[in-house]
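A.B. asks: This is the structure I want to talk about, given as structure tokens.
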Amino acid sequence: RAKENGRNSIQVFDPAMAENARQKLGRSEELRRAIERDEFVLHFQPQKDMTSGEIIGVEALVRWNHPTEGLVFPGEFIPLAEESGLIVPIGEAVLRKACGQAKKWQELGLPPVKIGVNMSARQFQEPGMIRHVAAALAESGLEPRWLEIEVTESLLMRDVQGAIMKMHELNALGVSLAIDDFGTGYSSLSTLKRFPLSRLKIDRSFIADIPDDADDMAITSAIVSLARILALDVIAEGVETEAQAHFLSEAGCHAIQGYLFSRPIPAEEMTRVMREGT
Ligand code: C2E
Ligand code: MG
Ligand code: MG
Ligand code: MG
């Protein structure tokens, strides 16, 4: 019996698994150093109102400026940052940088726009989250109404009551809230109604196959109607073609974000885009 267990436990030290664990440990060690060395930079993607042609907002998207690998995209380090808890200090840095940049644009005399900041589950649930948001606003001097926090449906559904409380606290600060990647989670209408939100961001998976996929068009229209019923703003993500923009416009969704208008770009480039207006 004991021998059998012994043999079984040896299987735990599968070399591939051990290698994987070592890599993760190495990568989180690197992430830790990256925080100390301030290697995270923000790129910004504009959001446009098709009716006025104006830029109405800017989403901040983090990149890791890795010393040897160059720019590393969030898909490659956010999951590990979440797992290791390092997302909390990274998220704090992102909040500070985003609020600071938004304030800087206002000081340059550019028309004020909302700055969208993504927040992952671990960060949203963290007890110090509200304090971090308040500190980023206070340090930068940015008025809270220019900050929009983006959270996902699945995050909110994990603990509805807790999420509603946090959202009310953010609202009390004067910060607005958007649901990111909307349509991919499982929020019921009755739950959605209870969230103190200001905006739905339609997930880009629904936009990608417009105008070829009739189901996606129907879903997109339904989300736009839902937003109207709940008195929420709505924006489509991942808009890449004129045909998609046209469909959205017809469907009553006038706010778009996507490569059609601009990819996420560094702050200086964004400043230029904002100066030129549309
Ligand atoms: P997201 O918040 O849904 O951001 C939109 C993603 O779609 C961005 O990818 C953006 O570059 C990309 N995108 C925008 N327009 C288009 C388009 O027209 N076509 C296509 N194919 N893609 C488009 P990115 O920057 O790689 O970020 C990926 C995800 O990483 C974000 O998805 C967000 O969930 C997460 N993320 C980014 N920055 C942060 C951050 O500061 N904190 C946290 N917690 N998560 C972040
Ligand atoms: Mg987002
Ligand atoms: Mg999204
Ligand atoms: Mg499809």
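A.B. asks: Say we look at region 170-182 and pick out the residues that are open to solvent by 30 Å² or more (accessible area, probe 1.4 Å) and either under 13 Å from the mean Cα position of the chain (by Cα) or on the phi < 0 side of the Ramachandran plot (or both); which of these is nearest to ligand 2 (Cβ to nearest atom)?
C.D. replies: Filtering region 170-182 for residues that are open to solvent by 30 Å² or more (accessible area, probe 1.4 Å) and either under 13 Å from the mean Cα position of the chain (by Cα) or on the phi < 0 side of the Ramachandran plot (or both), the one nearest to ligand 2 (Cβ to nearest atom) comes out as Asp181.
A.B. asks: Can I ask one more? State whether one or more residues within region 243-253 are more than 16 Å from ligand 2 (Cβ to nearest atom) and free of Cβ contacts under 8 Å to residues at least 12 places away in the same chain.
C.D. replies: Yes, region 243-253 contains at least one residue that is more than 16 Å from ligand 2 (Cβ to nearest atom) and free of Cβ contacts under 8 Å to residues at least 12 places away in the same chain.
A.B. asks: Next question. Please go through region 252-270 and give me each residue that is of a type outside the set (A, V, I, L, M, F, W, C), more than 12 Å from His43 (Cβ to Cβ) and open to solvent by 20 Å² or more (accessible area, probe 1.4 Å), ordered by number.
C.D. replies: Across region 252-270, the qualifying residues are Gly252, His254, Tyr259.
A.B. asks: Does region 66-93 hold any residues that are crowded, with 17+ Cβ neighbours inside 10 Å and over 17 Å from the mean Cα position of the chain (by Cα), and which are they?
C.D. replies: The one that is crowded, with 17+ Cβ neighbours inside 10 Å and over 17 Å from the mean Cα position of the chain (by Cα): Ser84.
A.B. asks: Mind listing just one residue for me: the one in region 121-132 that is under 15 Å from the mean Cα position of the chain (by Cα) and surrounded by 21 or more Cβ atoms within 10 Å (Cβ to Cβ) and, of those, nearest to Ile164 (Cα to Cα)?
C.D. replies: Taking the candidates together, the pick is Phe124.
A.B. asks: Kindly indicate the residue of region 94-120 that is touching a helix residue (DSSP H, G or I) at 6+ places or on another chain (Cβ under 6 Å) and part of a helix (DSSP H, G or I) and also most open to solvent (accessible area, probe 1.4 Å) among those meeting that condition.
C.D. replies: For region 94-120, the residue satisfying everything is Arg96.
A.B. asks: Sticking with this one: Considering each residue of region 23-65, count those that are among the small types (Gly, Ala, Ser), open to solvent by less than 50 Å² (accessible area, probe 1.4 Å) and free of Cβ contacts under 8 Å to residues at least 60 places away in the same chain, and give that number.
C.D. replies: Of the residues in that region, 4 qualify.
One line per residue, one yes/no per condition, for (1) of a type in the set (A, V, I, L, M); (2) open to solvent by 20 Å² or more (accessible area, probe 1.4 Å); (3) without any contact (Cβ under 8 Å) to a residue 40 or more places away in the chain:
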| position | (1), (2), (3) |
| --- | --- |
| Arg158 | no, yes, yes |
| His168 | no, yes, yes |
| Thr184 | no, yes, yes |
| Lys201 | no, no, no |
| Ile210 | yes, no, yes |
| Ala218 | yes, yes, yes |
| Arg228 | no, yes, yes |
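A.B. asks: Right, another one. Would you be able to say whether some residue in region 186-193 is part of a helix (DSSP H, G or I), crowded, with 17+ Cβ neighbours inside 10 Å and away from ligand 2 (no atom under 15 Å from the Cβ)?
C.D. replies: The answer is yes; a qualifying residue exists.
A.B. asks: If we scan region 231-243, do we find a residue that is of a type outside the set (D, E, K, R), touching a helix residue (DSSP H, G or I) at 6+ places or on another chain (Cβ under 7 Å), away from ligand 4 (no atom under 15 Å from the Cβ) and part of a strand (DSSP E or B)?
C.D. replies: yes
A.B. asks: While we're on this one: Tell me, please, whether a residue that is among the basic types (Lys, Arg), under 23 Å from Val133 (Cα atoms), away from ligand 2 (no atom under 14 Å from the Cβ) and in a loop (DSSP other than H, G, I, E, B) can be found in region 149-160.
C.D. replies: no
The values are calculated or read from the model by the stated rules, or taken from the named source; none is laboratory data. If you're wondering where the values come from, they're calculated on a predicted model, not measured in any experiment. Please note: Cβ atoms are built from the backbone with ideal geometry, for glycine as well, and neighbour counts cover all protein chains shown. Only protein heavy atoms, including side chains, enter the accessible area calculation; ligands, DNA and RNA are left aside. Shrake-Rupley method; radii C 1.70, N 1.55, O 1.52, S 1.80 Å.
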